[in-house]
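Below is one structure, written out as structure tokens; the observations come after it.
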Amino acid sequence: MKVTGFSFIKNALIYDYPIVEAIKSILPICDDFVVAVGKSDDKTLDLIQSIDKDKIKIVETVWDDSLREGGRVLAEETNKAFQAIPEDSDWAFYIQGDEVVHEKYLPIIKSAMEKYQKNKEVEGLLFKYLHFYGSYDYVGASPRWYSHEIRVVRNNKSIYSYRDAQGFRIGDNQKLKVKPIDAYVYHYGWVKPPESMQKKQEEFNKLWHDDEWVDKHVAKVEEFDYSTVDFLEQFKGDHPKVMQERLKTKNWKFDHDISINRMSLKNKLKYFLRKYLDINIGYKNYTKI
């Protein structure tokens, strides 16, 4: 069984992405790794080149700034990396620049890939998610945070990244048939210094909306206001080893009263069903088998 990891990145240093940690977190179970590195305004290319010259293949790209609607450019960049995966790979392990997998889940993931390698009905593996918010001590708990997504797919070039690189589809816009596994992706996209998060909001909303929308909806402030979140829970576990140095260098403070609950009645019901009955109501970008 051969496994190739893949990802995409641009301006990792400017926007403080843990892309090195992301790649290193799954590299031990990948035979090689493809990274689409977009032309950047910082030294992102040098950063990726410094990780592992033996395993990592870099595809240098230029992002299409005209693909602003719905974050389509993110899917396009994901596809560039996926299409560069060698034909002899069985599985493709996708990780985004703000996602990290805890080392304790690697044996579970590898075992699932081995188990379903010859079962062609299984087109992907479905992961659980933890979305950290504000700091490394809190996770988003309301139903507005997606609870599952596909991160391992077959090396089938009929598969492609969907919408804003949310997940994957195959053929004529068909959902992938997947097996859920007991492994989490730790999403750190909402854990940055408030100044960095504000810059990210200003820049990355341009990938989904036109200038008029951005001017109207993105606050013109120096720091992002984390306090308006609807509902958080305390994180009581441990973070991946690759994240430990980043945790030590955290230089901002975010304390949150977890008794605050601004969820709508509808979301409170969804939260109850998800947390206590393991029932997820709403849109799903996959078909469980």
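The values are calculated or read from the model by the stated rules, or taken from the named source; none is laboratory data. Keep in mind that this is a model prediction, so the values were computed, not measured. Neighbour counts run over all protein chains shown; Cβ positions are idealised from the backbone, glycine included.
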field: helices (runs of 4 or more DSSP H) contained entirely in the stretch 11-118, each with at least 3 residues that are surrounded by 19 or more Cβ atoms within 10 Å (Cβ to Cβ)
entry: 19-26, 72-83, 106-116
message: Only one of Tyr184, Tyr226, Tyr188, Tyr160 is out of contact with any Phe, Trp or Tyr (no Cβ under 6 Å at 6 or more places or on another chain) and farther than 23 Å from Glu76 by Cβ. Can you tell me which?
response: Tyr184
Hits in the stretch 192-248 - residues which are acidic (Asp, Glu) and farther than 27 Å from Val20 by Cβ: Asp210, Asp211, Glu212, Asp215, Glu222, Asp225, Asp230, Glu233
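Per-residue answers, yes or no, for (1) outside any strand (DSSP E or B); (2) in contact with a helix residue (DSSP H, G or I) (Cβ under 8 Å, 6 or more places away or on another chain):
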{"residue": "Val139", "(1), (2)": "no, no"}
{"residue": "Pro143", "(1), (2)": "yes, yes"}
{"residue": "Tyr146", "(1), (2)": "yes, no"}
{"residue": "Ile150", "(1), (2)": "no, no"}
{"residue": "Asn156", "(1), (2)": "yes, no"}
{"residue": "Ser161", "(1), (2)": "no, yes"}
{"residue": "Asp164", "(1), (2)": "yes, yes"}
{"residue": "Phe168", "(1), (2)": "no, no"}
- line: When the stretch 1-52 is checked residue by residue, the ones that are within 13 Å of Gln96 (Cα to Cα) and polar (S, T, N, Q) are Ser7, Ser25
task: Quick one: which residue in Arg246, Arg274 is of a type in the set (D, E, K, R), under 20 Å from the mean Cα position of the chain (by Cα) and surrounded by 16 or more Cβ atoms within 10 Å (Cβ to Cβ)?
output: Arg246
task: State whether one or more residues within the stretch 193-202 are in contact (Cβ under 8 Å) with a residue 40 or more places away in the chain, surrounded by fewer than 15 Cβ atoms within 10 Å (Cβ to Cβ) and not acidic (Asp, Glu).
output: no
- request: Could you tell me which numbered condition Glu223 fails, if it satisfies all but one of (1) surrounded by 13 or more Cβ atoms within 10 Å (Cβ to Cβ); (2) under 19 Å from the mean Cα position of the chain (by Cα)?
  value: (2)
- prompt: Under 9 Å by Cβ, and 6 or more places apart or on different chains, what pairs join a residue from the stretch 260-277 that is farther than 11 Å from Ala141 by Cα with one that is in a helix (DSSP H, G or I) and modelled with pLDDT under 95?
  reply: Ile260/Ser227; Arg262/Thr228
- prompt: What are the residues in the stretch 124-166 that are charged (D, E, K, R) and over 19 Å from the mean Cα position of the chain (by Cα), if any?
  reply: Lys157
- prompt: For the stretch 215-231, which residues satisfy the criterion of being part of a loop (DSSP other than H, G, I, E, B) and among the acidic types (Asp, Glu)?
  reply: Glu222, Glu223, Asp225, Asp230
field: Pairs, first at positive phi in the stretch 134-159, second in a strand (DSSP E or B), C-beta under 9 Å, six or more apart
entry: Gly134/Trp190; Gly134/Leu232
message: Suppose we filter the stretch 256-271 for residues that are loosely packed, with under 13 Cβ neighbours inside 10 Å, not basic (Lys, Arg) and not in a helix (DSSP H, G or I); how many remain?
response: 5
